[in-house]
Amino acid sequence: MIAVLLALLGAAAYGVSDFLGGIFGKRASPWAVAATGGIGGALVALVMTAVDPGSPTGADLAWGAAAGIGNGTGTAFLYRGLSSGRMGVVAPVSGVLAVILPVAVGVATGERPGLLVWLGIAAAVPAIWLVAREPGAGPATGPGGSGLRDGALAGLGFGALFTCLGQVPEGAGFSPLVLNQAVAVVVIAFAASLLHASWVPRDQASWGGALDGLLGGLATAAFLLATHHGLLSVSAVLTSLYPAITVLLAALVLHERVHRAQAWGLGLCGAAVVLVALG
(Lines give C-alpha, C1' and ligand atoms only; values in the text may rest on other atoms or scores of the structure.)
Protein backbone atom coordinates (compact mmCIF):
# COMPACT_ATOMS: atom_id res chain seq x y z
CA MET A 1 0.00 0.00 0.00
CA ILE A 2 2.92 2.37 0.68
CA ALA A 3 4.09 1.93 -2.92
CA VAL A 4 0.58 2.71 -4.20
CA LEU A 5 0.36 5.90 -2.14
CA LEU A 6 3.83 7.05 -3.22
CA ALA A 7 3.06 6.39 -6.89
CA LEU A 8 -0.23 8.30 -6.61
CA LEU A 9 1.64 11.15 -4.92
CA GLY A 10 3.98 11.14 -7.91
CA ALA A 11 1.01 11.23 -10.28
CA ALA A 12 -0.51 14.18 -8.41
CA ALA A 13 2.77 16.13 -8.42
CA TYR A 14 3.40 15.41 -12.12
CA GLY A 15 -0.18 16.44 -12.92
CA VAL A 16 0.11 19.78 -11.13
CA SER A 17 3.56 20.30 -12.66
CA ASP A 18 2.23 19.78 -16.19
CA PHE A 19 -0.70 22.10 -15.49
CA LEU A 20 1.63 24.90 -14.39
CA GLY A 21 4.04 24.14 -17.21
CA GLY A 22 1.23 24.52 -19.72
CA ILE A 23 0.33 27.93 -18.28
CA PHE A 24 3.92 29.22 -18.26
CA GLY A 25 4.56 27.68 -21.69
CA LYS A 26 1.89 29.94 -23.19
CA ARG A 27 3.62 33.04 -21.85
CA ALA A 28 7.21 32.17 -22.69
CA SER A 29 9.27 29.80 -24.81
CA PRO A 30 8.19 26.26 -23.83
CA TRP A 31 11.82 25.18 -24.18
CA ALA A 32 12.94 27.79 -21.65
CA VAL A 33 10.17 26.68 -19.31
CA ALA A 34 11.35 23.08 -19.68
CA ALA A 35 14.96 24.08 -18.99
CA THR A 36 14.16 26.03 -15.83
CA GLY A 37 11.91 23.15 -14.82
CA GLY A 38 14.93 20.89 -14.96
CA ILE A 39 16.84 23.34 -12.76
CA GLY A 40 14.01 23.33 -10.22
CA GLY A 41 13.99 19.54 -10.22
CA ALA A 42 17.75 19.48 -9.69
CA LEU A 43 17.38 21.73 -6.62
CA VAL A 44 14.88 19.29 -5.12
CA ALA A 45 17.23 16.40 -5.82
CA LEU A 46 20.15 18.25 -4.20
CA VAL A 47 18.16 18.93 -1.03
CA MET A 48 17.00 15.33 -0.81
CA THR A 49 20.56 14.10 -1.42
CA ALA A 50 21.77 16.25 1.50
CA VAL A 51 19.21 14.47 3.68
CA ASP A 52 19.96 10.99 2.33
CA PRO A 53 23.16 10.83 0.26
CA GLY A 54 23.18 7.02 0.33
CA SER A 55 26.07 5.00 -1.01
CA PRO A 56 25.55 4.94 -4.78
CA THR A 57 27.77 2.75 -6.91
CA GLY A 58 28.97 3.69 -10.36
CA ALA A 59 26.19 1.57 -11.83
CA ASP A 60 23.58 3.42 -9.75
CA LEU A 61 24.83 6.78 -11.01
CA ALA A 62 24.88 5.43 -14.56
CA TRP A 63 21.22 4.44 -14.23
CA GLY A 64 20.46 7.95 -12.96
CA ALA A 65 22.23 9.51 -15.95
CA ALA A 66 20.44 7.16 -18.35
CA ALA A 67 17.15 8.15 -16.73
CA GLY A 68 18.10 11.78 -17.39
CA ILE A 69 18.55 11.05 -21.09
CA GLY A 70 15.06 9.56 -21.13
CA ASN A 71 13.68 12.46 -19.11
CA GLY A 72 15.22 15.09 -21.39
CA THR A 73 14.26 13.24 -24.58
CA GLY A 74 10.68 12.77 -23.45
CA THR A 75 10.36 16.41 -22.45
CA ALA A 76 11.99 17.65 -25.67
CA PHE A 77 9.66 15.78 -28.00
CA LEU A 78 6.62 16.47 -25.82
CA TYR A 79 7.34 20.20 -26.01
CA ARG A 80 8.00 20.00 -29.73
CA GLY A 81 4.56 18.46 -30.12
CA LEU A 82 3.11 21.19 -27.92
CA SER A 83 4.76 24.02 -29.84
CA SER A 84 3.61 22.60 -33.18
CA GLY A 85 -0.01 22.29 -32.05
CA ARG A 86 -0.10 18.48 -32.03
CA MET A 87 -0.56 18.00 -28.28
CA GLY A 88 -3.82 16.11 -28.79
CA VAL A 89 -1.84 13.42 -30.60
CA VAL A 90 1.46 13.57 -28.74
CA ALA A 91 0.03 13.39 -25.20
CA PRO A 92 -2.00 10.15 -25.49
CA VAL A 93 0.62 8.32 -27.55
CA SER A 94 3.41 9.31 -25.16
CA GLY A 95 1.33 8.46 -22.10
CA VAL A 96 0.50 4.96 -23.28
CA LEU A 97 4.06 4.14 -24.35
CA ALA A 98 5.43 5.48 -21.07
CA VAL A 99 3.39 2.76 -19.34
CA ILE A 100 4.06 -0.13 -21.71
CA LEU A 101 7.87 0.00 -21.61
CA PRO A 102 8.41 -0.24 -17.81
CA VAL A 103 5.64 -2.85 -17.49
CA ALA A 104 7.30 -4.97 -20.18
CA VAL A 105 10.71 -4.59 -18.52
CA GLY A 106 9.27 -5.38 -15.11
CA VAL A 107 7.66 -8.59 -16.33
CA ALA A 108 10.78 -9.55 -18.27
CA THR A 109 12.89 -9.18 -15.11
CA GLY A 110 10.63 -11.42 -13.05
CA GLU A 111 7.78 -9.28 -11.73
CA ARG A 112 4.47 -11.15 -11.53
CA PRO A 113 1.55 -8.84 -10.73
CA GLY A 114 -1.65 -10.46 -9.48
CA LEU A 115 -4.87 -10.72 -11.49
CA LEU A 116 -6.45 -7.57 -10.05
CA VAL A 117 -3.28 -5.62 -10.76
CA TRP A 118 -3.29 -6.83 -14.37
CA LEU A 119 -6.92 -5.73 -14.67
CA GLY A 120 -5.88 -2.34 -13.28
CA ILE A 121 -3.09 -2.08 -15.85
CA ALA A 122 -5.54 -3.06 -18.58
CA ALA A 123 -7.86 -0.26 -17.44
CA ALA A 124 -5.05 2.30 -17.11
CA VAL A 125 -3.84 2.12 -20.72
CA PRO A 126 -7.13 3.22 -22.37
CA ALA A 127 -7.75 5.59 -19.44
CA ILE A 128 -4.54 7.51 -20.17
CA TRP A 129 -5.39 7.63 -23.87
CA LEU A 130 -8.92 8.93 -23.29
CA VAL A 131 -7.96 11.52 -20.69
CA ALA A 132 -5.01 12.92 -22.67
CA ARG A 133 -6.69 12.86 -26.07
CA GLU A 134 -8.11 16.18 -27.21
CA PRO A 135 -11.46 15.89 -29.01
CA GLY A 136 -11.12 16.81 -32.67
CA ALA A 137 -7.33 16.50 -32.54
CA GLY A 138 -7.29 15.23 -36.10
CA PRO A 139 -5.42 12.32 -37.59
CA ALA A 140 -2.56 10.85 -35.60
CA THR A 141 -0.08 11.11 -38.39
CA GLY A 142 -0.19 14.81 -39.16
CA PRO A 143 2.12 16.26 -41.78
CA GLY A 144 4.71 13.60 -42.45
CA GLY A 145 3.54 11.54 -39.48
CA SER A 146 5.25 14.01 -37.11
CA GLY A 147 2.54 13.95 -34.44
CA LEU A 148 2.72 10.20 -34.05
CA ARG A 149 6.52 10.26 -34.22
CA ASP A 150 6.86 12.95 -31.54
CA GLY A 151 4.43 11.09 -29.29
CA ALA A 152 6.22 7.79 -29.74
CA LEU A 153 9.65 9.31 -29.01
CA ALA A 154 8.32 11.21 -25.99
CA GLY A 155 6.69 8.04 -24.66
CA LEU A 156 9.85 6.01 -25.13
CA GLY A 157 11.80 8.74 -23.33
CA PHE A 158 9.48 8.82 -20.32
CA GLY A 159 9.26 5.02 -20.34
CA ALA A 160 13.06 4.92 -20.21
CA LEU A 161 12.99 7.41 -17.32
CA PHE A 162 10.71 5.13 -15.30
CA THR A 163 12.54 1.96 -16.30
CA CYS A 164 16.03 3.27 -15.50
CA LEU A 165 15.03 4.79 -12.16
CA GLY A 166 13.44 1.47 -11.29
CA GLN A 167 16.92 -0.08 -11.39
CA VAL A 168 18.28 2.27 -8.69
CA PRO A 169 18.32 0.47 -5.31
CA GLU A 170 17.25 2.01 -2.04
CA GLY A 171 20.80 2.16 -0.70
CA ALA A 172 21.84 4.55 -3.48
CA GLY A 173 19.99 7.43 -1.83
CA PHE A 174 18.94 10.37 -3.99
CA SER A 175 22.26 11.13 -5.66
CA PRO A 176 21.18 9.47 -8.95
CA LEU A 177 18.26 11.94 -9.11
CA VAL A 178 20.71 14.86 -9.28
CA LEU A 179 22.34 13.33 -12.35
CA ASN A 180 18.90 12.59 -13.78
CA GLN A 181 17.85 16.24 -13.63
CA ALA A 182 21.22 17.65 -14.74
CA VAL A 183 21.43 15.38 -17.78
CA ALA A 184 17.81 16.18 -18.66
CA VAL A 185 18.59 19.92 -18.83
CA VAL A 186 21.55 19.25 -21.11
CA VAL A 187 19.43 17.08 -23.41
CA ILE A 188 16.66 19.70 -23.56
CA ALA A 189 19.16 22.46 -24.39
CA PHE A 190 20.81 20.30 -27.05
CA ALA A 191 17.46 19.39 -28.67
CA ALA A 192 16.30 23.01 -28.64
CA SER A 193 19.56 24.13 -30.24
CA LEU A 194 19.19 21.55 -33.01
CA LEU A 195 15.69 22.85 -33.71
CA HIS A 196 16.88 26.49 -33.55
CA ALA A 197 14.50 27.18 -30.65
CA SER A 198 15.20 29.51 -27.73
CA TRP A 199 15.79 27.63 -24.49
CA VAL A 200 17.62 30.30 -22.44
CA PRO A 201 15.21 31.90 -19.91
CA ARG A 202 14.90 35.59 -20.64
CA ASP A 203 11.78 36.68 -18.76
CA GLN A 204 9.86 36.10 -15.55
CA ALA A 205 7.46 33.60 -17.12
CA SER A 206 10.37 31.43 -18.23
CA TRP A 207 11.64 31.20 -14.67
CA GLY A 208 8.15 30.24 -13.58
CA GLY A 209 9.03 26.85 -14.98
CA ALA A 210 11.25 26.33 -11.94
CA LEU A 211 8.06 25.99 -9.87
CA ASP A 212 6.70 23.15 -11.93
CA GLY A 213 10.23 21.71 -11.90
CA LEU A 214 10.14 21.58 -8.11
CA LEU A 215 6.92 19.60 -8.30
CA GLY A 216 8.32 17.41 -11.06
CA GLY A 217 11.37 16.70 -8.92
CA LEU A 218 9.16 15.69 -6.00
CA ALA A 219 7.16 13.46 -8.33
CA THR A 220 10.27 11.72 -9.61
CA ALA A 221 11.49 11.17 -6.05
CA ALA A 222 8.10 9.75 -5.06
CA PHE A 223 8.23 7.36 -8.01
CA LEU A 224 11.75 6.24 -7.07
CA LEU A 225 10.61 5.54 -3.50
CA ALA A 226 7.55 3.70 -4.81
CA THR A 227 9.80 1.31 -6.76
CA HIS A 228 11.69 0.59 -3.53
CA HIS A 229 8.48 -0.51 -1.80
CA GLY A 230 6.69 -2.20 -4.69
CA LEU A 231 6.84 -3.39 -8.28
CA LEU A 232 8.23 -1.22 -11.08
CA SER A 233 5.26 -2.13 -13.29
CA VAL A 234 2.70 -1.05 -10.70
CA SER A 235 4.54 2.17 -9.76
CA ALA A 236 4.91 3.18 -13.41
CA VAL A 237 1.23 2.57 -14.20
CA LEU A 238 -0.08 4.56 -11.24
CA THR A 239 2.37 7.43 -11.71
CA SER A 240 1.46 7.63 -15.40
CA LEU A 241 -2.14 8.47 -14.49
CA TYR A 242 -1.01 12.10 -14.00
CA PRO A 243 -2.95 13.42 -17.05
CA ALA A 244 -6.13 12.91 -15.03
CA ILE A 245 -4.88 15.44 -12.47
CA THR A 246 -4.00 17.93 -15.21
CA VAL A 247 -7.45 17.62 -16.80
CA LEU A 248 -9.22 18.01 -13.44
CA LEU A 249 -7.20 21.12 -12.61
CA ALA A 250 -7.96 22.61 -16.03
CA ALA A 251 -11.66 22.00 -15.38
CA LEU A 252 -11.65 23.39 -11.82
CA VAL A 253 -9.27 26.35 -12.24
CA LEU A 254 -9.59 27.32 -15.90
CA HIS A 255 -13.19 26.09 -16.27
CA GLU A 256 -12.28 24.02 -19.29
CA ARG A 257 -14.91 21.57 -20.43
CA VAL A 258 -14.40 17.88 -19.65
CA HIS A 259 -15.52 16.05 -22.78
CA ARG A 260 -17.38 12.75 -22.69
CA ALA A 261 -14.34 10.68 -23.68
CA GLN A 262 -12.25 12.36 -20.98
CA ALA A 263 -14.97 11.64 -18.41
CA TRP A 264 -14.84 7.96 -19.36
CA GLY A 265 -11.08 8.12 -19.05
CA LEU A 266 -11.29 9.65 -15.58
CA GLY A 267 -13.65 6.87 -14.55
CA LEU A 268 -11.24 4.25 -15.84
CA CYS A 269 -8.40 5.97 -13.96
CA GLY A 270 -10.37 5.58 -10.75
CA ALA A 271 -11.09 1.93 -11.53
CA ALA A 272 -7.42 1.29 -12.27
CA VAL A 273 -6.35 2.78 -8.92
CA VAL A 274 -8.90 0.71 -7.01
CA LEU A 275 -7.96 -2.54 -8.78
CA VAL A 276 -4.22 -2.02 -8.27
CA ALA A 277 -4.73 -1.08 -4.61
CA LEU A 278 -6.87 -4.16 -3.98
CA GLY A 279 -4.35 -6.34 -5.82
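The values are calculated or read from the model by the stated rules, or taken from the named source; none is laboratory data. What you see is a predicted model; the values in this text were computed from it and never measured. Reconstructed Cβ throughout: ideal geometry from the backbone, glycine too, with neighbour counts over all protein chains shown. Ligands, DNA and RNA are stripped out before the accessible areas are found, and what is left, the full protein with its side chains, is counted by its heavy atoms. Shrake-Rupley method; radii C 1.70, N 1.55, O 1.52, S 1.80 Å.
Over the range 1-88, what portion of Cα pair distances is larger than 15 Å, expressed as a whole percent?
Working: 2704 of 3828 pairs.
More than 15 Å apart: 71 percent of the Cα pairs in the range 1-88.
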Practice task
Report P(r) for the range 137-279: all Cα-Cα distances, bin width 5 Å, range 0 to the bin holding the largest distance, values in whole percent.
Solution key: 2, 7, 12, 16, 19, 19, 15, 8, 2, 0
Problem - ³J(HN,Hα) computed for each position of the range 17-25 - Karplus, 6.51 cos²θ - 1.76 cosθ + 1.60, integer Hz, glycine/proline x - result: 4, 5, 4, 5, x, x, 5, 5, x
Exercise for the section: Scan the range 193-243 for chymotrypsin sites (Phe, Trp or Tyr not before Pro) in coil per DSSP, keeping those whose Cβ has at most 12 other Cβ atoms within 10 Å, and list them by number. Expected result: none
Exercise for the section: Amide H neighbours of GLY173 under 5 Å, at least 5 residues apart or on other chains, H built in the peptide plane: list them. Expected result: SER55
Practice task
Go through THR57, THR239 and list them by solvent-accessible area, largest first, probe radius 1.4 Å.
Solution key: THR57, THR239
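About its Cα centre, how strong a charge dipole does the chain have in debye, to the nearest 20, once Lys and Arg get +1 and Asp and Glu get -1 at the Cβ? Present the calculation step by step, with values, prior to reporting the outcome.
Details: 10 positive and 10 negative charges, 130 e Å.
Charge dipole of the chain: 620 debye, to the nearest 20.
Using a 1.4 Å probe and counting only protein heavy atoms, arrange ILE128, ILE23 so the residue with the most accessible area comes first. Write down the numbers at each step before the final one.
On the way: ILE128 0, ILE23 45 Å².
Per-residue accessible area, sorted high to low, gives ILE23, ILE128.
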Exercise for the section: Could you check how many percent of all C-alpha pairs in the chain are farther apart than 34 Å? Expected result: 12
Fill in the blank from the handout: Note: probe point = Cα of GLU170 + 7 Å toward Cβ; backbone nitrogen < 13 Å; residues of the range 214-235 passing the test are 225-231
